[in-house]
Amino acid sequence: MRAILPILIVALFAYTVPAQASEPTFSDWLVDLRKDAQAKGISAKTLDAALTDLKPIPRVIELDRRQPEFTWTFRKYMEKLVNQARINKGKKKLAENAKLLNEIGQKYGIHPRFLVAFWGLETDYGRLAEGYFPTIAALATLAHDGRRSKFFREQLLTALKIIDQGHISVERMKGSWAGAMGHFQFIPTTFDAYATDYDGDGKIDIWGNQADAYASAANFLTKSGWKDEEIWGREVVLPKDFDFNMASMKVKKSLKDWQDLGVRKVGGGNLPAKEDMKASIVAPAGAHGPAFLVYKNFRTIMVWNRSIFYALGVGQLADRLVGRPAFTTLGPKGGRGLTHAEGKNLQQRLTAMGFDTGGVDGVVGPKSREAIRDFQRKAGLIPDGHPSLELLEQVQKGL
């Protein structure tokens, strides 16, 4: 599932421009899609209702290239999405829905504050649950586009299946630009695997039925590995000589090992003495921003949305809903993230130098951040993997 949302998306793609010889036109592509859907058992009635006069949505392509997890700084992300107004509203929603949330939380093993935190980041506690984009058209747009066509074709076919099963009509199936739907912004394959008819009325309604929505979110999280007896992680203080090669989700150490390396709680206290608990360090704003020690539940949040920004947003919002403290810092003030064009420039230059960015698409994701680390190591810089204007300038100078 994808946020904003949770949660977490440069130029408009002009569909009026003739397609390249190797690419089918949208109408030809749609003919092939219909055949594929029929072969998978989707009824002609559903296909007629969903695909007749279907047109791509250029705005969807623009948003795909501008996801905030990739173009905003950590400070901007948190100030926009985990601000005091959202915290206050979340506390109110937690109280208003306490009976249902506690019932579902006990059944599935997840504290209500986390369900409400996901809910808040994904749709502002249901305010955006109905969605703005027709799901079939949005998914068709992305499936025809070349960047992630295989993934979105699967989502589109699954969305047609959901309609065919009678859970929702074509007209009512709306969501985000990326096809995420309902109160918790499930993508179609997540709906298919985890969505739950909690009230037993024969339909799974994650758009208008909060019981179905809460239960579906809880079912997804627990089946993805959530352990309610553990927290998501904590902000920590790193020693001055910390090796940022270790600030990576790929590096897992025991809390004792991190303690021995000089990592401490905010305020200087020792880390919990839990020998069997593994954790990783993440530094979302680079070497000059905050650092977090993150546990298994953090990784489960990232099953929901692979963005570290998003996972930290969920953790912080859940904590603030029950009176736990705010992060002590969000990183440097001022500055900005890279634009789509700058991200593409960065990837092109890194690729030309032999670093594997995973492709040149302007989206500086996990693979590109590893390429940044590799460049930083060779250039004698702090290897924090953080994309910034300063980093782009270093890359432009070369090794």
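None of the figures in this text is laboratory data; all of them are computed from the coordinates on show. Nothing here was measured: the structure is a model prediction, and the numbers come from that model. Cβ placement follows ideal geometry from the backbone for every residue including glycine, while neighbour counts extend to all protein chains displayed.
Quick notes
- Net charge of neighbours whose Cβ lies under 13 Å from the Cβ of residue 35, counting Lys and Arg as +1 and Asp and Glu as -1: 0
- Cα-based reach from residue 253 at 15 Å (exclusive), listing aspartates and glutamates while leaving out same-chain residues under 8 positions away: 243, 275, 276
- Candidate cross-link partners of residue 45 among the lysines, defined by an alpha-carbon separation under 30 Å and a same-chain spacing of 8 or more, comprise 35, 55, 150, 161, 174, 203.
- Burial ordering of 110, 87, fewest other beta-carbon atoms within 10 Å first: 87, 110
- Other residues within the sphere of radius under 14 Å centred on the Cβ of residue 229, judged by their own Cβ, net out at 0 (K and R +1, D and E -1).
- Region 88-242: C-alpha gyration tensor shape, a/c 1.5 cut-off, then a/b vs b/c: oblate
- Solution diffusion estimate, µm²/s, Stokes-Einstein, region 340-397, Kirkwood Rh from C-alpha pairs, 37 °C, viscosity 0.692 mPa s: 306 µm²/s
- Hits among lysines - C-alpha to C-alpha of residue 256 under 29 Å, sequence gap 8 or more where chains match: 223, 227, 240, 265, 274, 278, 296
- Label zone (residue 91, point 7 Å along Cα-to-C-beta; backbone nitrogen cut-off 19 Å) within region 322-351: 322-328.
- Value of relative contact order over region 61-187, rounded to a whole percent, pairs C-alpha under 8 Å and six or more apart: 26 percent
- Taking Cβ atoms as reference points and 10 Å as the exclusive limit, the residues near residue 326 contribute a net charge of 0, counting Lys and Arg as +1 and Asp and Glu as -1.
- Cα centroid separation - region 305-348 against region 134-168, whole Å: 29 Å
- Cα gyration tensor category, rounded, prolate or oblate, for region 35-137 with a/c compared to 1.5: oblate
- Relative to one another, the C-alpha centroids of region 36-77 and region 193-253 are positioned 24 Å apart.
- Whole-Å semi-axes of the ellipsoid equivalent to region 233-321 (Cα gyration tensor, √5λ, descending): 19, 14, 13
- Think of each Lys and Arg Cβ as +1 and each Asp and Glu Cβ as -1; about the Cα centre, that makes the dipole of the chain roughly 980 debye.
- For region 340-397, the relative contact order comes to 31 percent (Cα pairs under 8 Å, sequence separation of at least 6).
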